[in-house]
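Have a look at the structure below, then the notes.
The values are calculated or read from the model by the stated rules, or taken from the named source; none is laboratory data. Quantities reported herein were computed from a predicted structural model and do not represent experimental measurements. Note that we place each Cβ from the backbone using ideal geometry, even for glycine, and neighbour counts take in every protein chain shown.
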Amino acid sequence: MVIFGAAGDLTARLLLPALYNLARADLLSKEFAVLGVARAQISDDDFRKRIREDVKQYCGECIDDAIWDSFVRRFYYMAGDFNDDNLYPKVKDRLATIDRDHSTHENFFYYLATAPKYFGLIVNKLSAVGLMQQNDGHWRRVVIEKPFGHDLESAKILNQELLKLANEKQIYRIDHYLGKETVQNIMAFRFANGIFEPIWNRRYIDHVQISVAETVGVEGRGSYFDQAGTLRDMVPNHIMQLISLTSMEPPISFDANAVRDEQAKILHAIQPMSDEEVLARAVRGQYGEGTIGGEHVPGYREEEDVPPDSRTETFVAMKLLIDNWRWADVPFYLRTGKRMPVRNTHIVIQFRRAPFVLFRDTSVEHLMPNQLVLHIQPEEGISLQFAAKVPGPVMRLGTVDMNFEYQQYFGKQPSTGYERLLHDCMIGDQTLFQRADMVEAGWSVVNPVLDLWKALPPRNFPNYAAGTWGPKEADELIERDGRRWRNFTE
Ligand code: BG6
């Protein structure tokens, strides 16, 4: 594994702890080694010391010395500038030595933990020195982080550039949401059980809500975030994964392309919005100062590296419609924002009401509808809300919850969410990675919104206080249809 950007935050927080967790689970091949590449002029030994610090800080579990020594011996470091043509022949030589010492069979994957401007450039230069070519039975793969483009056009250009240098089977476009157990569980829940799929359609489902609420602000990433905004940062990637897994048809197998074909079909079936529809069905917001968990936090425009008159959105809500037989007329409401009152990602499947209520003292209007909630994070589980009789001499109904909690059944595994994804790169399973067509389909959904929002800059920012559920227009969006967001408050 070659990590470009080995001194960066992603490597420290996620890649190194994930590799260590794989080593602990005995899932790292004995024939595995890592070459870190970054600008800093440090030695292999310095790099190894740094790795220990990073793993200690981010792993959350003590380091096991018995595993550590054989783990850290596999790490090497090389200083260099990604723009420099001379770096790549040196990488090639170093890989040849490491390959000999660790018997890695010339199977290399390159993890681009870098700024997006380097994605095409690094693959180009690797290719120029023969490091992307797959001959004699070995493989070469490249892992690309997000953001994959900043709109439809740029995503297409990046795809074209990469596909000139490598074939689709060599390209692993990562979306860390697919590394989350609870996201993978959406497929297990739907397709390993006989009872849900028959009612998973427009006859029984009233609507779907997807909420990705974060309490954090921009966490020192102001300069990136102010260029991107929440729509680009969260919707074409993470939220599209949640939508496609929740709504896709059952694949014919768990083969990577069978699954991704179905996800791509759904993304293509999302109705493109006209300008009028964007105005009616998409809401943007930016937080002002406020209070979260009893603590005062500054507004977005006061954050580091954010211009004081920034018009970048930190909140988005939308109503999407999927044009196919299963979902016609079933709205998918989504919302995501920074500085919400709680960190909570969940998917609510709301079923249609019982057509007629026999119980004298409870009218249909007072009954909560059946909701199935997929809790993605931080709570991990599934709950079903239904009506039950309140004990007592008269027949009265109340709403109760049936809960499944992951942790209660399976305990808690130390995990960063990257273990499965890295392991999949090593064994060559692309199921949880984005194909070129999926990335482009995700951008196609948001592109009309990006265009219109650019043409009509917001006038009322900031329009929600930190620590609230977004601007009032987000509530109006769903309430206009006679529905309500389900807010989880802890
Ligand atoms: C990243 C975004 O892709 O996802 C961040 O760039 C966001 O802005 C993060 O905070 C959310 O990920 P998670 O795993 O914390 O839900």
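Quick notes
- Residue check for Gln241: at pLDDT 95 or above, surrounded by fewer than 20 Cβ atoms within 10 Å (Cβ to Cβ) and within 16 Å of the ligand (Cβ to nearest atom): no
Here is a yes/no grid of residues against (1) out of contact with any helix residue (DSSP H, G or I) (no Cβ under 7 Å at 6 or more places or on another chain); (2) farther than 24 Å from Ala192 by Cβ; (3) not in a loop (DSSP other than H, G, I, E, B):
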residue: Met234; (1), (2), (3): yes, yes, yes
residue: Met240; (1), (2), (3): no, no, yes
residue: Ser244; (1), (2), (3): no, no, yes
residue: Glu262; (1), (2), (3): yes, no, yes
residue: Ile266; (1), (2), (3): no, no, yes
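- Counting only strands (runs of 3 or more DSSP E) that fall entirely inside the range 370-486 and contain at least 3 residues that are more than 16 Å from the ligand (Cβ to nearest atom) and aliphatic (A, V, I, L, M), the qualifying elements are 381-390, 396-405.
- Count of the range 196-221 residues, restricted to those that are within 12 Å of the ligand (Cβ to nearest atom) and either within 26 Å of Arg353 (Cα to Cα) or at pLDDT below 95 (or both), is 6.
- For first residues located in the range 80-94 and farther than 17 Å from Arg140 by Cβ and part of a loop (DSSP other than H, G, I, E, B), partners that are of a type in the set (Ser, Thr, Tyr) and at pLDDT 95 or above and lie 6+ apart or on another chain with Cβ distances below 7 Å form the pairs Phe82/Thr114; Phe82/Tyr118.
- Selection within the range 288-347 - within 16 Å of the ligand (Cβ to nearest atom), farther than 21 Å from Gln377 by Cβ and either assigned to a loop (DSSP other than H, G, I, E, B) or of a type in the set (Gly, Ala, Ser) (or both): Glu303, Glu304, Asp305, Val306, Ser310, Thr312, Glu313
- Any hit, the range 36-43, residues being surrounded by 23 or more Cβ atoms within 10 Å (Cβ to Cβ), closer than 26 Å to Pro89 by Cβ and either in contact (Cβ under 8 Å) with a residue 40 or more places away in the chain or out of contact with any Asp or Glu (no Cβ under 7 Å at 6 or more places or on another chain) (or both): yes
- Under the condition of being surrounded by fewer than 21 Cβ atoms within 10 Å (Cβ to Cβ) and either without any contact (Cβ under 8 Å) to a residue 40 or more places away in the chain or not small (Gly, Ala, Ser) (or both), the residues counted in the range 223-233 number 3.
- Residue match in the range 214-222 (condition: buried (at least 22 other Cβ atoms within 10 Å of the Cβ) and either under 15 Å from the mean Cα position of the chain (by Cα) or closer than 19 Å to Ser444 by Cβ (or both)): no
- Looking only at the range 152-178, residues that are among the aliphatic types (A, V, I, L, M) and in contact with a Phe, Trp or Tyr (Cβ under 7 Å, 6 or more places away or on another chain) come to 4 in all.
- Top-ranked residue in the range 126-164 [being surrounded by fewer than 18 Cβ atoms within 10 Å (Cβ to Cβ) and hydrophobic (A, V, I, L, M, F, W, C); ranked as nearest to the ligand (Cβ to nearest atom)]: Ile157
- Selection within the range 278-296 - of a type in the set (D, E, K, R) and either within 17 Å of Thr336 (Cβ to Cβ) or within 26 Å of the chain's Cα centre (by Cα) (or both): Arg281, Arg284
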